[in-house]
Amino acid sequence: MVNRKPYQLVSREWKKEDTTFEIKGVCIGKDLVMIAGPCAVENREQIFTISEYLSKLNIKFLRGGAYKPRTSPYSFQGLKTEGLQLLREAGDKYGLAVVSEIMGLDKIEEFCEYADILQVGTRNMQNYPLLKGLGKSGKPVLLKRGMSSTIEEWLLAAEYIISSGNDRVILCERGIRTFETATRNTIDIAAIPLVKLLSHLPVILDPSQGTGLRDLVKPISLAAIAAGADGLIIEVHNQPEEALSDGDQSLYLDQFSDLLPNLRAQAHLRKKHFDFEASYEFSNLS
Ligand code: PEP
Ligand code: MN
């Protein structure tokens, strides 16, 4: 059959079965993957407190920005190498895989040393030299959708990574820019089932950057799983009021654990394996 899509390797026409790969005993693309942690690594106490909490909930993936792409050059830019080292130490201590955003091609070696999944942020989705470099890195890549990118452009960005030799790519919807300003971005929920039809790659949602408001994280997370998402990446902080970035959209620790029974029920309906510590009492759902 002739493949008429501009992307080839990422398409369902090319490969019918879902792409799956295992990290920390979680089968990404099949099980429900949960990546949680602060927007940015701020200090040792913060990242260790959050990591310990997540590990008690049996979460396996820790997120945290070490190099932060901030709109203003005067905002906190991240702890850089020290941030990556703290993530690695906390990840090793609490049995968590480390997910962190890489902004430049020159940092691939450093990220390969400290992180397990390399995140490409919305602002870098079309940084083609970086995508090609990540294709050769051998590390799984979490590819955010560009805030002004079409689904086709997003899938073509993934094509850059796969055609450069790396098929361990996770796509992440994180909202796009529209005229609406009441939420930080507009989550394109339809993109989730559509991309699942067009591509064999796992698709997750970031409800934190997507909404900008912590009270919306739970309903939108549930909607994403119902729509077919393979997982979520959620910002969680031990003291969101004190956070150096994205405090308003970061969940309190107990708010995060309260989300889990609800997600479990939704994952169950979709036959997604879910092994986080969450009470299975349906009466606890809210
Ligand atoms: C983030 O995850 O903190 C982040 C900056 O994400 P995005 O690239 O989606 O804005
Ligand atoms: Mn953030």
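The values are calculated or read from the model by the stated rules, or taken from the named source; none is laboratory data. What you are looking at is a predicted structure, and each value in this text was computed from that prediction instead of being measured. Positions of Cβ are generated from backbone atoms using ideal geometry, with glycine treated the same way; all protein chains shown enter the neighbour counts.
Regarding Glu109, is this residue more than 16 Å from ligand 2 (Cβ to nearest atom) and without any contact (Cβ under 8 Å) to a residue 24 or more places away in the chain? It is true that Glu109 is more than 16 Å from ligand 2 (Cβ to nearest atom) and without any contact (Cβ under 8 Å) to a residue 24 or more places away in the chain.
Of all residues in region 127-156, those satisfying the criterion of being within 16 Å of the chain's Cα centre (by Cα) and within 17 Å of Met103 (Cβ to Cβ) are Lys139, Val141, Leu142, Leu143, Lys144, Arg145, Gly146, Met147. Close contacts from region 248-268, counting a first residue that is in a helix (DSSP H, G or I) and at pLDDT 95 or above and a second that is within 16 Å of ligand 1 (Cβ to nearest atom) and of a type in the set (A, V, I, L, M, F, W, C), with Cβ to Cβ under 7 Å and a gap of 6+ residues or different chains, come to Asp248/Leu213; Gln249/Leu213; Leu253/Val236; Phe256/Ala36; Phe256/Ile234; Phe256/Val236. Residues of region 43-53 that are crowded, with 24+ Cβ neighbours inside 10 Å and either within 16 Å of ligand 1 (Cβ to nearest atom) or basic (Lys, Arg) (or both): Ile47, Ile50. Taking the conditions (1) of a type in the set (S, T, N, Q); (2) out of contact with any Lys or Arg (no Cβ under 8 Å at 6 or more places or on another chain); (3) surrounded by 16 or more Cβ atoms within 10 Å (Cβ to Cβ) in turn, Ser11 satisfies each one other than (2).
Taking region 126-176 as the range and being within 16 Å of ligand 2 (Cβ to nearest atom) and either under 15 Å from Cys112 (Cα atoms) or basic (Lys, Arg) (or both) as the test, the residues that pass are Leu142, Lys144, Arg145, Arg174. If the condition is being of a type outside the set (Asp, Glu), farther than 20 Å from Leu263 by Cα and in a strand (DSSP E or B), then region 11-52 contributes Ser11, Phe21, Ile23, Ala40. Checking the stated criteria, Ile225 turns out to be in contact (Cβ under 8 Å) with a residue 60 or more places away in the chain, touching a strand residue (DSSP E or B) at 6+ places or on another chain (Cβ under 9 Å) and away from ligand 2 (no atom under 13 Å from the Cβ).
Exactly one residue among Ser245, Ser257, Ser250 is within 14 Å of ligand 1 (Cβ to nearest atom), surrounded by fewer than 24 Cβ atoms within 10 Å (Cβ to Cβ), more than 18 Å from Trp154 (Cβ to Cβ) and of a type in the set (S, T, N, Q), and that residue is Ser245. Gly165 meets the stated requirement of being surrounded by fewer than 18 Cβ atoms within 10 Å (Cβ to Cβ), touching a Lys or Arg at 6+ places or on another chain (Cβ under 7 Å) and not aliphatic (A, V, I, L, M).
Restricting attention to region 206-228, the residues that are within 14 Å of ligand 1 (Cβ to nearest atom), out of contact with any Gly (no Cβ under 8 Å at 6 or more places or on another chain) and outside any helix (DSSP H, G or I) add up to 1. When Ala191 is tested against the conditions (1) of a type in the set (A, V, I, L, M); (2) farther than 25 Å from Pro6 by Cβ; (3) in contact with a helix residue (DSSP H, G or I) (Cβ under 8 Å, 6 or more places away or on another chain), the lone failure is (2).
Residues of region 225-245 that are of a type in the set (A, V, I, L, M, F, W, C) and under 18 Å from Gln209 (Cα atoms): Ile225, Ala229, Leu232, Ile233, Ile234, Val236, Ala243, Leu244.
How about region 92-111: which of its residues are more than 17 Å from Leu130 (Cα to Cα) and in contact with a Ser or Thr (Cβ under 8 Å, 6 or more places away or on another chain)? Lys93, Tyr94, Gly95, Leu96, listed by residue number.
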